[in-house]
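Just so it is clear, none of the values below were taken in a lab; they were calculated from the coordinates. What you see is a predicted model, and the numbers here were worked out from it, not measured in a lab. Cβ atoms come from the backbone with ideal geometry, glycine included; neighbour counts cover every protein chain shown.
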Amino acid sequence: MRALALLLSIVSMTALSAGPAPSAHAATVTEVWAFGSNPGNLRMFRYVPDGLPAGRPLVVVLHGCTQDARYGTSSGWVSLADRLRFAVVLPQQQSVNNANRCFNWFQAFDTSRGHGEVASIASMVARTRADFGTSATYATGLSAGGAMTSALLATYPDVFAGGGVVAGLPFGCATSAFDAYACMNPGRDLTARQWGDKVRAATGHRGPWPTMTVWHGTADGTVAVANQREVVEQWTDVHATDATSDVTDTVAGYPHAVYRNSSGSPVVETHTVTGMGHGQPVDPGTATHQCGTPTAYVLDVNACAAWYLAQRWRL
């Protein structure tokens with residue numbers, strides 16, 4: 001379990017308020033105490049901009065180990081929710097579930113539809129949809145949160161329209177804490193079909209499937225960058241296309257690739273941040289493309305992953 005603690009430590013940058021429901025005045029991050037079935041024993045926080053009309057998107061933002069829901073602020077998602085007008089759900093792990101407050105992406109119970117942590121997060125989505133009439137739903141997360149993002153897309157493909165895995169892992173790589181070490185580094189090399197079969201076996205769903213975007217640093221020594229390739233192979237196989245990119249260019253000066261399905265739609269995308277270690281890419285500032293607050297493992301690399309994900313998802 002000690003090795004899992006390497007999956008991030010964050011310095012809190014802003015205060016996190018707690019309360020039963022969003023205020024009728026200035027919006028703030030608030031805790032929702034009763035949100036439905038909670039077999040994973042998680043806490044639910046969310047941010048909903050004041051006056052958000054029905055039909056706006058919802059983004060689930062998942063922190064890494066030793067972190068909490070404040071990751072939603074440092075990564076830039078809360079400020080983007082204000083600017084672009086969408087809701088954010090911020091699940092929070094408890095130390096009683098995992099000593100390092102990692103989401104249990106490596107436990108079969110917590111990554112099976114209708115069970116554990118993925119079911120708790122699905123309940124948070126359902127509660128927010130009922131409260132605010134949100135529509136298209138996306139998930140993203142860093143490290144352990146990125147691995148849990150993979151699990152959410154695999155187990156609830158009918159709920160999530162797309163995902164953004166940041167320094168994370170493919171679904172089904174591990175089924176125990178012991179397995180997790182090898183998955184993190186050096187990574188597990190399976191065929192695209194083997195990876196895709198893990199997703200298909202998770203539910204009876206047969207499409208349409210969520211899109212997948214993967215951000216990873218080339219100097220990541222905690223979760224090896226090889227995991228980016230494995231996530232690509234998993235989700236291109238699920239979308240019945242190959243793992244050879246159809247578009248290769250640069251975004252914010254970093255290598256970027258797009259994989260299209262037979263209809264020409266982009267279904268998988270990668271951003272490879274040259275020289276970046278383990279962390280969330282941000283670009284602090286006030287320009288349109290800028291967001292985030294650099295801190296431990298939230299890294300100023302002049303590219304805010306949250307903003308680019310918001311553009312891909314047309315938030």
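Where is the GNM fluctuation largest for the chain (alpha-carbon springs, 10 angstrom cutoff): Y254, Y156, Y297?
Y254
Suppose each label sits 7 Å from its Cα in the direction of the beta carbon; what would the D242-Q94 distance come out to in nanometres?
Going by the 7 Å Cα→Cβ label model, 5.0 nm.
Among DSSP beta bridges whose residues both lie in the stretch 3-312, state the antiparallel percentage, nearest 5.
45
Under the definition of Cα pairs under 8 Å and six or more residues apart, what whole-number percent is the relative contact order of the stretch 3-312?
16
Using +1 on the beta carbon of Lys and Arg, -1 on that of Asp and Glu, and nothing else charged, what's the dipole of the stretch 3-312 about the Cα centre, debye to 20?
Result for the stretch 3-312 is approximately 560 debye, rounded to the nearest 20.
Rounded to the nearest Å, what's the spacing between the alpha carbon centres of the stretch 272-315 and the stretch 128-162? Just the number, please.
Taking the Cα centre of the stretch 128-162 as reference, the centre of the stretch 272-315 is 20 Å away.
Which loop trypsin sites (Lys or Arg not before Pro) in the stretch 156-224, with loop taken from DSSP, have no more than 11 other Cβ atoms within 10 angstrom of their Cβ?
Counting only loop positions with at most 11 other Cβ atoms within 10 Å, the trypsin sites (Lys or Arg not before Pro) in the stretch 156-224 are R206.
When the chain is treated as a GNM, springs tying every alpha-carbon pair under 10 Å, which of A27, A174, A161 comes out with the largest mean-square fluctuation?
A27
Between Q290 and A226, take the C-beta separation as r, use R0 = 22 Å, and let me know the FRET efficiency to the nearest 0.05.
Efficiency, from the Cβ-Cβ distance: 0.15.
With point charges of +1 on the Cβ of Lys and Arg and -1 on the Cβ of Asp and Glu, referenced to the Cα centre of the stretch 3-312, which listed residue (V214, G51, A87) lies farthest in the positive direction of the dipole?
Projecting each Cα onto the dipole axis, the largest value belongs to G51.
Just flag the trypsin sites (Lys or Arg not before Pro) in the stretch 258-315 sitting in loop per DSSP whose Cβ has no more than 10 other Cβ atoms within 10 Å.
Those that pass, being in a loop and sparsely packed, are R314.
What 222 nm value per residue comes from the helices of the chain, counting each DSSP H run with n ≥ 4 as -39,500 (n - 2.57) and dividing by all residues, nearest 500 deg cm²/dmol?
-7500 deg cm²/dmol
Indicate the gyration tensor shape class of the chain (rounded, prolate or oblate), computed on the Cα atoms with a ≥ b ≥ c the square roots of the eigenvalues: a/c under 1.5 is rounded; otherwise a/b larger than b/c is prolate and the rest oblate.
rounded
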